[in-house]
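Below: one structure, written as structure tokens.
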Amino acid sequence: MIICKRINDQTKFIMLFIGLLLLVLLQCIYVHHIVYASVETIKASSEDKYPPFCFIDPDGKADGFSVELLRAALEAVDRNVDFTAGSWDQIKKDLALGKIQVLPLVGRTPEREDIYDFTFPYLTLHGAIFVRKGDRHIKTIKDLVNKEVIVMKGDNAEEYMLRKHGEINTVAVETYEKAMMMLASGKHDAVICQELMGLELLKELNIKSIVPTVNQIDDFRQDFTFAVKDGDKELLATLNEGLAIIIADGTYDTIYEKWFRPLFKLKVTFNDVAKYIFNAMVPIVFVMALFLIFILRIQVERKTKHLQKEIAERKVTEENLKFLNDDLEQFAYIVSHNLKAPLKIIIGFSHLLEKRYKDIIDDEGKKDIDFIVIRAQGMDELIEDLLKYAKIGREPVPFTEVDWNLIYDQVVNNE
């Protein structure tokens, strides 16, 4: 009887313990469900072909720099996001009508101020003119007068052209993919769009007959933001907060590096070329100078030893020294001409490039040109010093009579 009672007590205890565990487990499941259900899901939409900012990947999901940035910003403030996709003309209408809550990539323009509210800009870029390869008639926006320019319908490029250059004929199409294909087929004269997007799109379409002009459109500035429906101040504040968080914690930089660093590495600018030329020339010129000085030193030493052995033949020695000095002077002239001439060319062409392309080169480019000129001038001075050093030992040292007592008095009196 005692054993049965003990077993019954143990059974009751185990059942009570299991019941408490089930109660705690159910409570945790309920709390998790409540917390999960309380996380708001924001409705967003992405353009289907605006690489590398917004596009649809092979799995049918929205992707790109701006899409990933919006996801990260909302995640930073404990929000989920659900993306749909569509044409730009359609999705911006959906936002204005409240069918979606946010767009990840919207350029802030005067025409859109009354329709949307914008976060602070997360990226600023300039537009570019794309033309058929070999077209030398179109270089700047002024060359588009009496031409036909393709833009995407509703894009800030169309708004820019209508606002700033109404005298230029514009043709609006549904997508930039269609615009590039039309231009490649020989229709119209140019396409105006964001340069990085245009280059990526041409790469995807495998179109090699279209290139951007050298000159970007300086007054076509694109401040890219997240946009919400006009008046949605609560969501706007949430997006600004999330954007500020990911900028502060380094998430923005990580996403930026992922999407843009490979593209920027492929793009060689004038400043890059100038730096490459200078960096290549400096060590070559310096090594040549050292080598020639070394050769001069060897020749001088050999001649000096030979003259010491033939000291008795004073006249012959003097003639040999004169001949050697003539050789050295001729050699010094060759060194001065052959080493300094490339530097003069670098300095001259740097000034010419700065003067000829002053409207193209930005402040950073001008600083780079100044850097080239200063370094080239420094190398010129270095060559002069090396040449002076080469002359040491072959110029007569003048001797003068000195008064040691006077020198002693000056040193003692610290005069």
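Computed from the coordinates by the stated procedures, all read-outs in this text should not be read as laboratory data. Here the structure is a predicted model, which means the values were calculated and not measured. Cβ coordinates were reconstructed from backbone atoms using ideal geometry, including for glycine residues, and neighbour counts include every protein chain displayed.
Close amide-amide hydrogen proximity is noted between E40 and N80, each under 5 Å apart and 5 or more residues distant or on a separate chain (H modeled in the peptide plane; Pro and chain starts excluded).
Quick one: work out the % antiparallel among DSSP beta bridges in region 46-175, nearest 5. Of the beta bridges lying entirely in region 46-175, close to 35 percent run antiparallel.
The calculated FRET efficiency for the pair T140 and F260, based on their C-beta separation and a Förster distance of 22 Å, comes to about 0.30. With one equal scatterer per alpha carbon and no solvent term, the Debye-computed log10 I(q)/I(0) for region 161-208 at 0.25, 0.28 1/Å reads -1.00, -1.16.
On the basis of the beta-carbon distance and an R0 of 30 Å, R302 and D385 show a calculated FRET efficiency of 0.75.
Specify the inter-centroid distance of region 132-162 and region 339-385, based on alpha-carbon positions, in whole Å. Centre-to-centre (Cα) distance: 34 Å. The string of couplings for region 227-232 from the Karplus curve (6.51, -1.76, 1.60, θ = phi - 60°) is 10, 10, 5, 3, x, 7 Hz, one whole number per residue in order, with x for Gly and Pro.
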